[in-house]
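The values are calculated or read from the model by the stated rules, or taken from the named source; none is laboratory data. Since the structure is predicted, the reported quantities are computational estimates derived from the model, not experimental observations. As a convention, Cβ positions derive from the backbone with ideal geometry for all residues, glycine included, and neighbour counts pool all protein chains shown.
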Amino acid sequence: MDKYVKVMGVRFPAITLERTVNILSDVIEQNRSQLFHVITVNPEITMACQKDRQLRSIIDEAGLITADGIGIVMVSRLRGGNLPERVTGYDTLLKLLETGNQKKWSFYFLGADPVTNQKVCEVIGEKHPDVVILGRHHGFFNPSEEDKIVEEVGSLSPDILVVALGAPYAERWIHKYKSKLNAKIAIGVGGSLDVIAGKVKATPESWKRSNLEWLYRLIQQPSRWRRQLILPRFLVRALIFKEGKAP
């Protein structure tokens, strides 16, 4: 059984990316009747769920959460925990596509703008020809269109529903419709489809190894500076946070 580390009350399993994909592979092979919700939790979401009870409930009910951000890993280690590495939505999606290509898993892609949504499916189809793309829909839909989208996903029953609607909206959307989606796994992946489609540059491995992905993304997208301001606040609050006893 995997160990857990608490960061601001959120229980993160101490698992690697490889272990994450193995868990999700088992979920697909077990043919569970209930959707398995995967949430990659970053410092922003960790901070938000301190006041947002609904979001905290969604995280607590998830089938699996991962530490999406070096800040989460750093805090865990400074407090004596042992999160081995960060497990981002982007990296998880890439590994799921690689494994899915081997095992012929089926996917549905929801999110990004119309052009990017189409492009990402073309790119994936070329790189992973044995991945089954059951359907797709862009993320710029009206509330009146949601029922139709949910009905389509439910009728197709994909192994993995990939939702790129931004966090935490994607997590709320998955949770709202989880009883109707008929997917084995649903995961929010932030802006990952933009990167795979080539709309946004992927972070070079050297920057990732130096734990400077946040800086690279800020350079590429200066408009993110306001969001980055939460990082120092998170580090301070997380380090002085008094964790309760594990349930």
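What are the residues in region 25-57 that are of a type outside the set (D, E, K, R) and more than 18 Å from His175 (Cβ to Cβ), if any?
Of the residues in region 25-57, the ones of a type outside the set (D, E, K, R) are 25, 27-28, 30-31, 33-43, 45-50, 54-55, 57.
Selection gives Ser25, Ile28, Gln30, Asn31, Pro43, Met47, Gln50.
I'd like to know if region 123-138 contains one or more residues that are over 18 Å from the mean Cα position of the chain (by Cα), closer than 15 Å to Ser192 by Cβ and surrounded by fewer than 17 Cβ atoms within 10 Å (Cβ to Cβ). Yes, that holds for at least one residue. Number of residues in region 115-131 that are without any contact (Cβ under 8 Å) to a residue 40 or more places away in the chain and of a type in the set (S, T, N, Q) equals 1.
When region 23-51 is filtered for residues that are in a strand (DSSP E or B) and either closer than 23 Å to Pro232 by Cβ or of a type in the set (Phe, Trp, Tyr) (or both), the ones remaining, listed by number, are Phe36, Thr40, Val41. Look at Gly188 and say whether it is small (Gly, Ala, Ser), farther than 25 Å from Val41 by Cα and touching a strand residue (DSSP E or B) at 6+ places or on another chain (Cβ under 8 Å). The answer is no for Gly188.
Any residue in region 47-56 that is closer than 20 Å to Lys95 by Cα and not aromatic (Phe, Trp, Tyr)? Talk me through it step by step, then tell me what you get.
Taking region 47-56 and keeping what is closer than 20 Å to Lys95 by Cα, we get none.
No, every residue in region 47-56 fails to be closer than 20 Å to Lys95 by Cα and not aromatic (Phe, Trp, Tyr).
For region 162-212, a tally of residues being among the aliphatic types (A, V, I, L, M), under 13 Å from Gly89 (Cβ atoms) and in contact with a helix residue (DSSP H, G or I) (Cβ under 8 Å, 6 or more places away or on another chain) returns 12. Among the residues of region 195-236 satisfying the criterion of being under 23 Å from Arg11 (Cα atoms), surrounded by 16 or more Cβ atoms within 10 Å (Cβ to Cβ) and of a type outside the set (Phe, Trp, Tyr), which is modelled with the lowest pLDDT? Restricting to residues being under 23 Å from Arg11 (Cα atoms), surrounded by 16 or more Cβ atoms within 10 Å (Cβ to Cβ) and of a type outside the set (Phe, Trp, Tyr), the top hit is Ile230.
Taking the condition in contact (Cβ under 8 Å) with a residue 12 or more places away in the chain, farther than 16 Å from Leu161 by Cα and touching a helix residue (DSSP H, G or I) at 6+ places or on another chain (Cβ under 7 Å), does Ala112 pass?
Values: in contact (Cβ under 8 Å) with a residue 12 or more places away in the chain: yes; farther than 16 Å from Leu161 by Cα: no; touching a helix residue (DSSP H, G or I) at 6+ places or on another chain (Cβ under 7 Å): yes.
Answer is no for this residue.
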